[in-house]
2 protein chains.
Amino acid sequence: MTTERTRSWWGWGWADQAYSDERCAAFGAMIPGLRDRPVPVPSLDDVELPAPRVGAPTALSEVLSDDRSQRAGHTHGKAYRDVVRSLAGDLSAAPDLVARARTEADVVAVLDWASDHDVAVVPYGGGSSVVGGVEYRGDAHRGVVSLDLSAMDRVLEVDPTSRAARIQAGALGPVLEDQLRPQGYTLRHFPQSFEFSTLGGWLATRAGGHYATLHTHIDDFVESLRVVTPVGVSESWRLPGSGAGPSHDRLFLGSEGTLGVITEAWMRLQERPRFKRSTSATFDAVGDAIAATRAIAQSGLHPANCRLLDPGEAAMSGIGDGSTSVLVLGVESAHSPVDHSLSLLVELAQDHGGQVSEPSDDDAGSREGSAVAEGDVAAEAWRSSFLRMPYQRDGLARMGGIVETFETATTWDRVEALYHDALAVLRDAVRQVTGADGLVNCRFTHVYPDGAAPYFTVIAAGRPGQELAMWDEL
Amino acid sequence: MTTERTRSWWGWGWADQAYSDERCAAFGAMIPGLRDRPVPVPSLDDVELPAPRVGAPTALSEVLSDDRSQRAGHTHGKAYRDVVRSLAGDLSAAPDLVARARTEADVVAVLDWASDHDVAVVPYGGGSSVVGGVEYRGDAHRGVVSLDLSAMDRVLEVDPTSRAARIQAGALGPVLEDQLRPQGYTLRHFPQSFEFSTLGGWLATRAGGHYATLHTHIDDFVESLRVVTPVGVSESWRLPGSGAGPSHDRLFLGSEGTLGVITEAWMRLQERPRFKRSTSATFDAVGDAIAATRAIAQSGLHPANCRLLDPGEAAMSGIGDGSTSVLVLGVESAHSPVDHSLSLLVELAQDHGGQVSEPSDDDAGSREGSAVAEGDVAAEAWRSSFLRMPYQRDGLARMGGIVETFETATTWDRVEALYHDALAVLRDAVRQVTGADGLVNCRFTHVYPDGAAPYFTVIAAGRPGQELAMWDEL
């Protein structure tokens, strides 16, 4: 399937999943102040690209390319800022060349050549960065190469005894899961970008998966890394644990390509969950919902899903009428039934005033890459909305909307204040900058025993051509 | 209690817990080839210390001292190598001065002065290092200061909402637990050196606690660090989670004082466990015991204790006759009864041929800092032996024994081979080096889903005066 479909060059995901003009218009009508009809998506043929400043040497002609559509597709990540610039036909940030590494030797060759010729190299996995991670900024180099690792997508080895696998960095989420599934394993790391991001990207950015508690970050699944650095190839030992000096793996995690190019990793695997249950609780008061979420995060029950949607976010996800907060809960296990755990979670939610729906009793229907079993309506609605959001965002951007998200994290003693203060400041800022009310919502993407990660969404009406400046001001 | 008792200057722990001459002799008689009677412990008055090469400036006279007993007490850690050198009256490695920091300002002042005067500074917590961590080696500086932080031992703040506390780095294990206990919390980090090591030491060395699974390393309890570095005081934000760049906290963890002096940390706390159960299983075949241990480590049950003692180690701990391996198991929870978890663990052990004793049913009798509830004889014997071992080691050292341990870690696919190969190589080496058989035993100190940490003990007869050279050869 993945080979048949085309990725969007200007927006999120699959080209055929982008909202139609009609759908954009219908959706945009829900936000006051937007355009009547969407701005057209420019044809890639009409968009101007700067001429490449460096050429590929003959020795690397099979790897490096100045192909126009390659360069266009590697120009931006997938942030709101990126979509707006692409829609405006602004590809001035295009890399001079795109490298398609087939092997680690290709990576080394490209880096060696680039180093000798004062050319910057930006590692590129799935290209889903929403923080400018795939884009070179500045002018300190003679040229820029986007080093695409997506052809290095193999699970090279599975060690069933140690429950670990050696995986190439360029493997997209579904591609690596497809290779692990026949052996009964999963990496069980499902960021929102799962379909369009790679293992190497997750590692280089310290990605958080959508499981809400316990092992949520890719960091904890790393057994060893192999990295091409300026001084050679670094490979750490496969160790289940170590206290011998600072962890060099932890130094590469989050380094965003600045210290080297991750080419493969031994990753800890999980057995595929066989038992899943999910439910949701609604709360009239946000404070109660936060208290319930904290109690659950500190309960030692480690739910697979524990996601708090504030009233606005819940309504945006198609749950409720905007007056109640919704806490989506899920438990799962590869080993034993999880009914007891779910009932303890339900009790904790009820102790804090939560109204709990009937837990889903359909274990069989759980979906790939989901902590949510089918059956619970709110949980399903959340999941579906979660995957739809980026396409929705692109549709709103075409309608002139300002649509962006940002993540925060703080300890529980300050979570409620942060939530209320951020909402108030953002809503006020939206009024100041746009002259009208916008939507400012929040969900908690991850919860920890000592705190939570409130994640804010801002949707507001932009003035044509000024959207990015307005977002910067916001 | 801690203020009344005297620490041993030459060996482990409390001076009054050291084995008597009679006990040394009786214990030593169990190992062929040792002395008839222990070497005497030299009087500190008779031991020669090198003259200090640098003097304390007047401004720091309340902090820096060249007191002889202070310098002697700060010369060595507590490895076998350290004990042998101290018993031989060799304190040639003594620091020139000892600093007793009362505040972070003292730490800064000492580092500033030392930096200006080309003096090396070695941070010192409880002094329990067994890898030379408190000792300066080399001659690149004009002098050496041992910077003792044990006066900075306060829990400065407790945040019950976030379940975290700000704790000074010099607090010994019992000192910080005493301050957390009245509020119902525990750091729940109990390395074997618990009584004689500090939070700062645990952080600087990436200590492993004696809980066997899940959160065993101090790394996972760190919310933020405050560190005096050569370029200023570094303090990380209190964050429950982050993916923003590499974790700088993780860079300081394990840095052993080379990057700065940790002065305090916000640490994640646990509620004190209310439910505990323990049991043990014996196995005729080591391979079965390893398979059972792996199954449990990969079960997702997260036992608090899961410690495999090989036949020799079990016998040394006073459990069994040296023909069977013993797996000590413990479960605990602050929230709910753990009987069900224990029964699942027992089933897993039995599935792999384990003979399981009746689980302890005495929840009330669990001891401070123990994952073992009283009641199970083997579990209690293991715990008691665990705390006695370092004193035993000192007694054997006085009898001319070579007694040392070392830790390994590997993935499950190689654990059994490592175990057998290491035992064979070590036993052969002992015969080669000492001309006689010694004791070579193994226990697994930590187990992980992807591997284990086999920890080896070597006991052999040394030739007088050649013990360290023989150990080096081993």
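The values are calculated or read from the model by the stated rules, or taken from the named source; none is laboratory data. Quantities reported herein were computed from a predicted structural model and do not represent experimental measurements. When we count neighbours, we look across all protein chains shown, and the Cβ atoms used for this are built from the backbone with ideal geometry, even at glycine. With ligands, DNA and RNA removed, areas are computed over all heavy atoms of the protein, side chains included. Shrake-Rupley method; radii C 1.70, N 1.55, O 1.52, S 1.80 Å.
Worth a mention:
- For residue B:276: the one exception among (1) of a type outside the set (Phe, Trp, Tyr); (2) within 25 Å of residue B:151 (Cα to Cα); (3) open to solvent by less than 40 Å² (accessible area, probe 1.4 Å): (2)
- Of the strands (runs of 3 or more DSSP E) lying entirely inside the stretch B:40-148, those containing at least 1 residues that are charged (D, E, K, R) and over 22 Å from residue B:390 (Cβ atoms) are B:97-100.
- Complete set of residues in the stretch A:446-457 that are touching a helix residue (DSSP H, G or I) at 6+ places or on another chain (Cβ under 8 Å), within 14 Å of another protein chain (Cβ to nearest Cβ) and open to solvent by less than 20 Å² (accessible area, probe 1.4 Å): A:447, A:450, A:451, A:452, A:454
- Lone qualifier among B:469, B:460 - being out of contact with any Leu (no Cβ under 7 Å at 6 or more places or on another chain), more than 30 Å from residue B:330 (Cα to Cα), more than 14 Å from chain A (Cβ to nearest Cβ) and free of Cβ contacts under 8 Å to residues at least 24 places away in the same chain: B:469
- Matching residues, the stretch A:414-445, being open to solvent by 70 Å² or more (accessible area, probe 1.4 Å) and either within 14 Å of another protein chain (Cβ to nearest Cβ) or of a type in the set (A, V, I, L, M, F, W, C) (or both): A:414, A:416, A:425
- Residue in the stretch A:311-318 that is crowded, with 19+ Cβ neighbours inside 10 Å and hydrophobic (A, V, I, L, M, F, W, C) present: yes
- Residue in the stretch B:267-274 that is at pLDDT 95 or above, outside any loop (DSSP other than H, G, I, E, B), closer than 30 Å to residue B:161 by Cβ and within 14 Å of chain A (Cβ to nearest Cβ) present: yes
- Any hit, the stretch B:84-98, residues being in contact with a Lys or Arg (Cβ under 7 Å, 6 or more places away or on another chain) and surrounded by fewer than 21 Cβ atoms within 10 Å (Cβ to Cβ): yes
- Comparison of B:67, B:118 shows that the only residue that is surrounded by fewer than 24 Cβ atoms within 10 Å (Cβ to Cβ), free of Cβ contacts under 8 Å to residues at least 60 places away in the same chain, over 25 Å from the mean Cα position of the chain (by Cα) and closer than 23 Å to residue B:228 by Cα is B:118.
- Considering each residue of the stretch A:285-301 in turn, none proves to be closer than 30 Å to residue A:105 by Cβ, open to solvent by 10 Å² or more (accessible area, probe 1.4 Å) and within 8 Å of chain B (Cβ to nearest Cβ).
- Applying the condition of being within 19 Å of the chain's Cα centre (by Cα) and outside any loop (DSSP other than H, G, I, E, B) to the stretch B:403-412 and asking which residue is farthest from the other protein chains (Cβ to nearest Cβ) yields B:403.
- Residue that is farthest from residue A:385 (Cα to Cα), among those in the stretch A:277-311 that are touching a residue at least 60 places away in the same chain (Cβ under 8 Å) and polar (S, T, N, Q): A:298
- When residues of the stretch B:140-164 are limited to those that are surrounded by 24 or more Cβ atoms within 10 Å (Cβ to Cβ) and of a type in the set (Gly, Ala, Ser), the one farthest from the other protein chains (Cβ to nearest Cβ): B:146
- Any hit, the stretch A:238-246, residues being small (Gly, Ala, Ser), crowded, with 24+ Cβ neighbours inside 10 Å and at pLDDT below 95: no
- Close pairs (8 angstrom Cβ cut-off, 6 or more residues apart or separate chains): at pLDDT below 95 in the stretch A:148-164, assigned to a loop (DSSP other than H, G, I, E, B) anywhere: none
- Residues within the stretch A:441-474 that are in a strand (DSSP E or B) and farther than 24 Å from residue A:85 by Cβ, tallied: 12
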